[in-house]
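Working notes, structure below.
The values are calculated or read from the model by the stated rules, or taken from the named source; none is laboratory data. The model shown is predicted, which means the values in this text are computed figures rather than measured ones. When we count neighbours, we look across all protein chains shown, and the Cβ atoms used for this are built from the backbone with ideal geometry, even at glycine. The area values use the complete protein model at the heavy-atom level, side chains included, leaving out ligands, DNA and RNA. Shrake-Rupley method; radii C 1.70, N 1.55, O 1.52, S 1.80 Å.
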Amino acid sequence: METLNTVKLEQAAGVATITLNRPEKRNAISFDLIDDLLRALDHVAKSEAIVAIVTGAGKAFCSGMDLENLKALIGRSPHQNLEDSQTMVSLFRALYEFPKVTIAAVNGPAIAGGTGLALLCDFTLAVPEAKFGYTEARIGFVPAIVSTFLLRQVGEKQARDLLLTGRLFSAEEAARMGLINEVVPPEKLMTKARELAALLMENSPSSLRATKKLLNDHARGEIDAQIDAAVRENAAIRSTADFREGISSFLEKRKPVWSGK
């Protein structure tokens, strides 16, 4: 496999560990990271691995969109905005519909797109210090793509709270809502993830694959329709004045002045 610059991939005894590896950027999502992560997932899907663990290097799991990529979003054409939305869909769907069992070992904050990645895995373990948040509305985005998946995981009232407020919430609250499976002390996080992987590998690999296929096939029709609408909403919001103000104020570290346009 060709070299990955922003992701580290290790495989041993049926378990593949994919580590988001931009610790100096709190593992922020860049277009390079999306590309590397998709290639790593494709490699693991075709490998002998039965379980994939996804984690982050350093103190964060994934802090959301990379600042340089955010800057580049202002002034993109409608066609480019649609392409960007489709790229995020490819990443989220690749993880959600992954043929092998996935475990997110959330070692620190997982914000916006990072929350998406952490919660799309089959199992999510998180340290007590982990923070989550669908913060898109706070900077003029619309959480269109992630809302498709969130509504399948929690009730509509909870989804409305998280998506409309854009507030951060703790690992403990995420566990109460059923978004994560367990809160684990930092020093035991990877041990716990590997123990869970070992438990899963006591099952028939064929049965695991078939069960995941069954679950994915069951969800696909509804997700297809919702994602189509979500991509259009995601691209449309980027032509608004509020979107430009949201990005500019975030990058300039000031309070946004919304016009509602």
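Things worth noting here:
- Any helices (runs of 4 or more DSSP H) falling wholly within region 173-261 and containing at least 2 residues that are touching a Lys or Arg at 6+ places or on another chain (Cβ under 9 Å): 205-237, 241-251
- Between 63, 85, 90, 47, the distinction of being open to solvent by 10 Å² or more (accessible area, probe 1.4 Å), of a type outside the set (Asp, Glu) and within 30 Å of residue 258 (Cα to Cα) belongs to 63 only.
Condition check ((1) modelled with pLDDT of 90 or more; (2) within 13 Å of the chain's Cα centre (by Cα); (3) among the β-branched types (Val, Ile, Thr)) across all residues:
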position	(1), (2), (3)
61	yes, yes, no
70	no, no, no
74	no, no, yes
89	yes, yes, yes
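- Failed condition for residue 178, given (1) open to solvent by less than 50 Å² (accessible area, probe 1.4 Å); (2) at positive phi: (1)
- Region 150-162 - residue that is open to solvent by less than 30 Å² (accessible area, probe 1.4 Å) and out of contact with any helix residue (DSSP H, G or I) (no Cβ under 6 Å at 6 or more places or on another chain) and, of those, farthest from residue 96 (Cα to Cα): 162
- Scanning region 4-19 for residues that are in contact (Cβ under 8 Å) with a residue 40 or more places away in the chain and within 14 Å of the chain's Cα centre (by Cα) turns up nothing.
- In region 187-240, the residues that are among the charged types (D, E, K, R), within 20 Å of residue 85 (Cβ to Cβ) and open to solvent by 70 Å² or more (accessible area, probe 1.4 Å): 220, 222, 228, 232, 233
- Considered as a group, the residues in region 1-44 that are of a type in the set (Asp, Glu) and assigned to a helix (DSSP H, G or I) include one that is surrounded by the fewest Cβ atoms within 10 Å (Cβ to Cβ), and that residue is 24.
- When each of 74, 111 is tested for being under 23 Å from residue 25 (Cα atoms) and touching a strand residue (DSSP E or B) at 6+ places or on another chain (Cβ under 9 Å), the lone residue that passes is 111.
- Yes/no for residue 116 being open to solvent by less than 10 Å² (accessible area, probe 1.4 Å) and under 9 Å from the mean Cα position of the chain (by Cα): yes
- Restricting attention to region 122-139, the residues being open to solvent by 10 Å² or more (accessible area, probe 1.4 Å) and touching a residue at least 40 places away in the same chain (Cβ under 8 Å) number 8.
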